[in-house]
Amino acid sequence: MSSDIDRVKGAILSIVRAEMAPLPYFARYECRVVVQNADGTLELMPDDPKIPGLSGVRIYSGIPGVTVTVSPGARCLLEFAGGDPSRPIVTGWEPGDAVTLSFNGGDQKVARVDDTVDSDSDMARWIGDVNTVLKVTGNVIGKSDLSTPSDFGKVSSGADVLKA
Amino acid sequence: MSVFLNDRSVSALSLTLPRIGVWHADVSLLPDDEVPAGKVTLESFGVKYQGTVLRSDRTETMPFARIVGGAGGFGTEIPAKSYRGTDVELPISEVLSAVGESLSPASDSAPLRLRLPFWVRMQVRAGQALAALLAVARVPAWRVLADGTVWLGTETWPQSKLTDFHVLAQDPHLGRHEIYAVEPSVFPGETWNGMHVSVVEHRFTQDRLVTNVWVES
């Protein structure tokens with residue numbers, strides 16, 4: 001009798017399992033980045049052994065125009081868009097794992113408050129011109145010679161919206 | 001009336017042939033027969049069914065066995081694997097081969113050419129993996145054939161060859177027709193008596209043969 005009941009339970013469990021089969025594709029899985037390809041996609045190794053290693057997975061950063069560059073070993077979250085096994089995507093990251101974030105394909109560095117403003121060759125030439133004037137006009141400000149500063153202080157204000 | 005298991009007569013048979021899925025049979029043998037195991041050939045009224053013994057034992061009087069079509073592998077868990085840029089036929093074939101099953105050459109070929117940019121198979125039972133692939137390929141039907149291979153495709157509902165039969169009982173609300181035929185040559189996926197056949201069940205003992213035909217429309 002008990003084997004008959006176990007068999008019935010097994011049959012019911014099989015039916016339930018079959019109906020629930022798509023559910024694992026709606027979960028999110030922690031992964032390690034093996035390497036980032038030149039096209040920005042990722043080679044991933046999930047922590048869960050029931051998920052295979054994946055190749056060429058796209059990153060959905062969640063912000064329009066943002067491109068993410070990461071180092072091997074970065075930790076991310078894998079999910080399947082719409083629960084579709086044919087649409088794996090990376091949608092999340094552990095804090096501190098981005099090498100670069102670029103916006104709309106830009107490649108210029110972003111300045112922040114307290115970053116120094118460097119002097120450059122144009123400024124050096126201007127200082128030289130000022131020195132020439134000082135030598136001609138004499139001791140106007142108590143100095144007859146100016147030296148080119150290494151920097152011109154720090155960025156004092158920035159946008160409230162973007163922080164880095 | 002003739003039913004054999006590995007060329008040996010059986011004392012009783014219940015053979016269920018579904019339109020979707022794996023056929024299975026419960027067989028009782030003769031008292032002196034050995035308990036069957038492994039791959040077997042079930043011959044039922046001229047049709048040979050290639051299957052595998054799922055479980056078997058002996059009662060006080062006779063051996064019995066539950067046999068399933070093909071290799072009986074759909075309940076087996078298979079390893080995770082991912083694919084890129086392949087026709088859906090490859091992951092389907094690999095699911096089947098991983099558990100000893102094989103694709104029937106009679107399967108519809110067009111849906112198997114669906115291109116998958118990605119496919120991620122988790123570590124699941126082969127039947128679940130196959131169901132997910134058939135859903136994405138929009139293959140409406142699959143079943144294990146008598147030869148043990150797996151057919152995939154769209155039904156064409158060919159006309160059944162069974163014309164000589166006697167109706168014993170009918171349950172219209174269940175779509176069930178209980179009939180007797182000397183050679184009950186009706187199969188799921190056929191059109192019989194103007195109706196689409198969903199499941200066929202043969203019940204055989206030494207002195208009685210009954211066939212139940214469930215229809216879909």
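Restricting attention to the stretch B:22-41, does a residue exist that is touching a residue at least 60 places away in the same chain (Cβ under 8 Å) and of a type outside the set (D, E, K, R)? Checked against the condition, which is being touching a residue at least 60 places away in the same chain (Cβ under 8 Å) and of a type outside the set (D, E, K, R), the stretch B:22-41 yields at least one hit. Of all residue pairs spaced 6 or more apart or on separate chains, those with beta-carbon atoms under 9 Å, a first member in the stretch A:68-96 that is touching a residue at least 60 places away in the same chain (Cβ under 8 Å) and a second member that is outside any strand (DSSP E or B) and among the hydrophobic types (A, V, I, L, M, F, W, C) are A:Gly83/A:Leu23; A:Gly83/A:Phe26; A:Pro85/B:Met122; A:Pro85/B:Ala132; A:Pro85/B:Leu133; A:Pro85/B:Val136; A:Thr91/A:Ala81. Taken together, the residues in the stretch B:1-28 that are in contact with a Lys or Arg (Cβ under 7 Å, 6 or more places away or on another chain) and farther than 16 Å from B:Ser185 by Cα amount to 4.
Scanning the stretch A:35-52 for residues that are closer than 22 Å to A:Val66 by Cβ and aliphatic (A, V, I, L, M) gives A:Val35, A:Ala38, A:Leu42, A:Leu44.
In the stretch A:61-116, what residues are in a loop (DSSP other than H, G, I, E, B) and within 14 Å of another protein chain (Cβ to nearest Cβ)? Matches in the stretch A:61-116: A:Asp84, A:Pro85, A:Ser86, A:Arg87. In the stretch B:47-55, the count of residues that are within 14 Å of chain A (Cβ to nearest Cβ) and more than 27 Å from B:Trp192 (Cβ to Cβ) is one or more. Go through the stretch A:28-49 and give me each residue that's surrounded by 14 or more Cβ atoms within 10 Å (Cβ to Cβ) and either hydroxyl-bearing (Ser, Thr, Tyr) or facing chain B (nearest Cβ under 10 Å) (or both). Hits for the stretch A:28-49 are A:Tyr29, A:Thr41, A:Leu44, A:Pro46, A:Asp48.
Within the stretch A:26-52, the residues that satisfy the criterion of being of a type in the set (S, T, N, Q) and either in a loop (DSSP other than H, G, I, E, B) or farther than 20 Å from A:Ala74 by Cα (or both) are A:Asn37, A:Thr41. Listed conditions (1) free of Cβ contacts under 8 Å to residues at least 12 places away in the same chain; (2) within 21 Å of the chain's Cα centre (by Cα) are all met by B:Glu60, apart from (2).
Does A:Ser55 satisfy the condition of being surrounded by 14 or more Cβ atoms within 10 Å (Cβ to Cβ), assigned to a strand (DSSP E or B) and either at positive phi or within 12 Å of chain B (Cβ to nearest Cβ) (or both)? Yes, satisfied. Scanning the stretch A:17-25 for any residue that is part of a helix (DSSP H, G or I), hydroxyl-bearing (Ser, Thr, Tyr), out of contact with any Leu (no Cβ under 7 Å at 6 or more places or on another chain) and without any contact (Cβ under 8 Å) to a residue 24 or more places away in the chain turns up nothing. Within the stretch B:177-217, take every residue that is over 12 Å from B:Phe165 (Cα atoms) and surrounded by fewer than 16 Cβ atoms within 10 Å (Cβ to Cβ) and give me the one that is modelled with the lowest pLDDT. Ranking the candidates gives B:Ser217 first.
Listed here are the residues, each with its yes/no results for (1) buried (at least 18 other Cβ atoms within 10 Å of the Cβ); (2) outside any loop (DSSP other than H, G, I, E, B).
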site: B:Ser14; (1), (2): no, yes
site: B:Leu17; (1), (2): yes, yes
site: B:Ala25; (1), (2): yes, yes
site: B:Pro36; (1), (2): yes, no
site: B:Arg55; (1), (2): no, yes
site: B:Phe64; (1), (2): yes, yes
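Applying the criterion of at least 2 residues that are without any contact (Cβ under 8 Å) to a residue 24 or more places away in the chain, more than 27 Å from A:Ile15 (Cα to Cα) and more than 14 Å from chain A (Cβ to nearest Cβ) to the strands (runs of 3 or more DSSP E) found wholly in the stretch B:98-191 leaves B:166-171.
The values are calculated or read from the model by the stated rules, or taken from the named source; none is laboratory data. Worth saying up front: this structure is predicted, and the values here are computed from it rather than measured. As a convention, Cβ positions derive from the backbone with ideal geometry for all residues, glycine included, and neighbour counts pool all protein chains shown.
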